[in-house]
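Reading through the structure tokens given below for one structure.
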Amino acid sequence: MKNEMQIQFSALSQNESFARVTVAAFIAQLDPTLDELTEIKTVVSEAVTNSIIHGYEGNPDGMVYISVAIEDGVVEMIIRDEGAGISDIEEARQPLFTTKPEMERSGMGFTIMENFMDDIEVESQPGLGTIIRLKKHLAIKKALCN
């Protein structure tokens, strides 16, 4: 059985924790391990923060959209904004690359997402925003399927 949820919120940094906790509460029904839960919360934080800081450049009028679907032990998340977009996705995915060094950004957001998730897809067009699709197979369900 597939279960889905969607949220949207203003591009304000204080809403990053709201997004993280909301997604964690939704996937809690799968009884993930503490490591899995921490990884998913971290990935949500990274993607939402990127939308707020890079996509909307701190403009609170922007909206961040999250949809989550769970089915057969797989968590699929889409985090989307309608902000500035990414001109060079491959460059943005390189470890330590940042367009905001003055803000002491580490440039590790995409690297963290790639390390914690099983699959990540990034679509973006300058001026139209960014869509990040993330997928994680939870260990509990993997063990039950084998």
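Would you pick out the residues in segment 87-130 that are at pLDDT 90 or above and of a type in the set (Ser, Thr, Tyr)?
Passing the criteria: SER124, THR130.
Could you please let me know if ARG133 is at pLDDT 95 or above, open to solvent by 30 Å² or more (accessible area, probe 1.4 Å) and either under 18 Å from the mean Cα position of the chain (by Cα) or under 18 Å from SER45 (Cβ atoms) (or both)? If you could, list the steps in order and put the result at the bottom.
Details: at pLDDT 95 or above: yes; open to solvent by 30 Å² or more (accessible area, probe 1.4 Å): yes; either under 18 Å from the mean Cα position of the chain (by Cα) or under 18 Å from SER45 (Cβ atoms) (or both): yes.
Yes; evaluated as a whole, the condition is true for this residue.
Restricting attention to segment 81-90, which residues are surrounded by fewer than 22 Cβ atoms within 10 Å (Cβ to Cβ) and either in contact with a Gly (Cβ under 7 Å, 6 or more places away or on another chain) or among the polar types (S, T, N, Q) (or both)?
Within segment 81-90, GLU82, ALA84, GLY85, SER87 qualify.
Mind telling me which of the residues VAL64, VAL68, VAL44, VAL75 ends up being at pLDDT 95 or above and in a helix (DSSP H, G or I)?
Details: VAL64 fails: in a helix (DSSP H, G or I); VAL68 fails: in a helix (DSSP H, G or I); VAL75 fails: in a helix (DSSP H, G or I).
Result: VAL44 is the single residue among VAL64, VAL68, VAL44, VAL75 that is at pLDDT 95 or above and in a helix (DSSP H, G or I).
Name the residues in segment 9-47 that are of a type outside the set (Gly, Ala, Ser), surrounded by 12 or more Cβ atoms within 10 Å (Cβ to Cβ) and within 24 Å of ASP61 (Cβ to Cβ), would you?
PHE9, LEU12, ASN15, GLU16, PHE18, ARG20, VAL21, THR22, VAL23, VAL44, GLU46
Take GLU36 and decide whether it is in contact with a Lys or Arg (Cβ under 8 Å, 6 or more places away or on another chain), assigned to a helix (DSSP H, G or I) and of a type outside the set (A, V, I, L, M). Break it down into steps so the answer makes sense when it comes.
On the way: in contact with a Lys or Arg (Cβ under 8 Å, 6 or more places away or on another chain): yes; assigned to a helix (DSSP H, G or I): yes; of a type outside the set (A, V, I, L, M): yes.
The answer is yes for GLU36.
Would you please list the contacts, defined by Cβ atoms under 8 Å and residues six or more apart or on different chains, that run from a residue in segment 9-32 that is within 20 Å of GLY83 (Cβ to Cβ) to a residue that is among the charged types (D, E, K, R) and assigned to a strand (DSSP E or B)?
ALA11/ASP81
Taking the condition of being out of contact with any Phe, Trp or Tyr (no Cβ under 7 Å at 6 or more places or on another chain) and open to solvent by less than 20 Å² (accessible area, probe 1.4 Å), how many residues in segment 48-80 meet it?
11
The values are calculated or read from the model by the stated rules, or taken from the named source; none is laboratory data. Treat the numbers as computed from the prediction; the structure is a model and nothing was measured. All Cβ positions, glycine included, derive from the backbone under ideal geometry; neighbour counts span all protein chains shown. With ligands, DNA and RNA removed, areas are computed over all heavy atoms of the protein, side chains included. Shrake-Rupley method; radii C 1.70, N 1.55, O 1.52, S 1.80 Å.
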